[in-house]
């Protein structure tokens, strides 16, 4: 059974700092990994999707890497801003038997202080 | 334009009642999902429909019954509501049920059972 762990559970940084969020998964037989952002009381916004054949994806100040063999992904946020404050969720898609489904981590709550 | 929408956004009801949550997507996707986010913020898949057919049904009480009138809609009906059903319910969609497709989430419905 796939398990996804995110470390740290919470992170507080001053504005302008670069930071890394970590995600690990137990079963490396994944199809892709998706990073989401969740604002309080809001839905999930997809940030980056990395297919299993890819090593990284970039979007603006965000860079996500994937090491499928070791079961790890990182989300790098450059020059953090207060608007980046949110919960960041990592999810992996695997076959879970015969159906493709996302398994989520519990998220990292990021606070960027002005 | 709202890609995945849910109604209502908030739902407060008494134990034992029956309630429904509606979801619609205008992305032209074939596959829709229901996820539950509990009080610990843990997101877990409940159901998935592909072209109006059920393809994922996780270990969910049979008080929960999804219904897909067409591929743009996936509604969730809950009978005999219990306190433990209090959670945020998210609808999502993807182009296909396949391994490599990105999922897009709705804003969530916060259900509170008193």
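Could you work out the mean count of beta carbons from other protein chains within 10 Å of each residue's beta carbon in A:105-113?
1
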Subtracting the Cα-Cα distance of residue A:17 and residue A:51 from 0.36 nm times their residue separation yields 9.4 nm
Relative contact order (percent) for segment A:1-88, with alpha-carbon contacts under 8 angstrom and 6 or more residues of separation? 33
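Ignore the peptide's own chain and count Cβ atoms of other chains within 10 Å of each Cβ in B:48-58; give me the average, rounded.
Per residue, the average neighbour count from other chains is 2.
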Using Cα-Cα distances under 8 Å and only pairs 6 or more residues apart, what relative contact order does segment A:37-114 have, in percent? 24
Shielding by partners, peptide B:102-114 (average Cβ within 10 angstrom, other chains): 3
Below 8 Å between Cα atoms, with a sequence gap of 6+, how large is the relative contact order for chain B in percent? 36
Full-stretch length increase - residue B:83, residue B:26 - with 0.36 nm per residue and alpha-carbon distance subtracted: 17.3 nm
Once label points are set 7 Å from the Cα along Cα→Cβ at both residue B:39 and residue A:5, what is their separation, rounded to one decimal in nm? 2.6
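Rule-based calculations on the coordinates, nothing more; no lab input. Predicted model, so just to flag it, every value in this text is computed and none were measured. Note that each Cβ is placed from the backbone with ideal geometry, even for glycine, and that neighbours are counted across all protein chains shown.
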